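Everything below concerns the one structure shown next.
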Amino acid sequence: MDRYTRVEKPKPELPINENEIRITSAGPIRNYISYAFSLLQDKHVKEIVLKAMGQAISKTVSVAESIKVGTAFKQIF
C-alpha cells in the first residue's frame, strides 16, 4: 500500500438555489419547517426542494410531511 497515493478530486461548490433547503442531522426540525413556511409565504416560492444525505433522510421525510399537512402542496418525486 506504500506505492499508492490518494488523489482528492475537487468538487465544484454549487450555490444553493433560493428554493432549496439542505437538511442536516444536527439541525432542529422546527427551524427547517419555519424556514420552508417563510419561503412559501414571504417569497411566494411555488416549490421547495429538500436535500439530505445519510441519517438526515428520516428528518427530511418528517419535514416534508409537516409542510405537506400545513399547506395544500402535493409531493412530487
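Rule-based calculations on the coordinates, nothing more; no lab input. Bear in mind the structure is a predicted one, so any value in this text is a computation, not a measurement. So basically every Cβ, Gly included, is an ideal-geometry build from the backbone, and we count neighbours across all protein chains shown.
Need one number for segment 3-45: average projected area of the convex hull over its C-alpha atoms, nm².
4.8 nm²
Go ahead and run the numbers for FRET between F37 and N17, Cβ-Cβ distance against an R0 of 25 Å, rounding to 0.05.
In this case the efficiency is close to 0.90.
How long are the semi-axes of the equivalent ellipsoid of the chain, taking √(5λ) for every eigenvalue λ of the Cα gyration tensor, in whole Å from largest down?
Ellipsoid half-lengths, sorted descending, are 33, 15, 11 Å.
Run the simple label-point estimate for V7 and Q55 please: 7 Å along Cα→C-beta, distance reported in nm.
Result for the modelled spin labels: 3.4 nm.
Once you keep just the Cα pairs under 8 angstrom separated by 6 or more residues, what percentage relative contact order results for segment 20-70?
It rounds to 50 percent for segment 20-70.
Which angle from 0 to 90°, rounded to the nearest 10, does the C-alpha axis of helix 29-41 make with the longest principal axis of the chain?
Computed tilt is about 60 degrees.
Each residue of segment 8-23 in order: what ³J(HN,Hα) in whole Hz does its phi give by Karplus 6.51 cos²θ - 1.76 cosθ + 1.60, θ = phi - 60°, with x for Gly and Pro?
With coefficients 6.51, -1.76 and 1.60, one gets 8, 8, x, 8, x, 7, 8, x, 7, 5, 5, 9, 9, 10, 9, 9 Hz.
Please list the non-local residues whose amide H lies under 5 Å from the amide H of E20, H modeled 1.01 Å from N, same-chain partners needing a gap of 5 or more.
Long-range HN contacts for E20: V49.
Which of the lysines could be linked to K68 by a straight reach, that is with a Cα gap under 25 Å, when you skip same-chain ones fewer than 8 residues away?
Within the straight-line limit of under 25 Å, K68 reaches these lysines: K43, K46, K51, K59.
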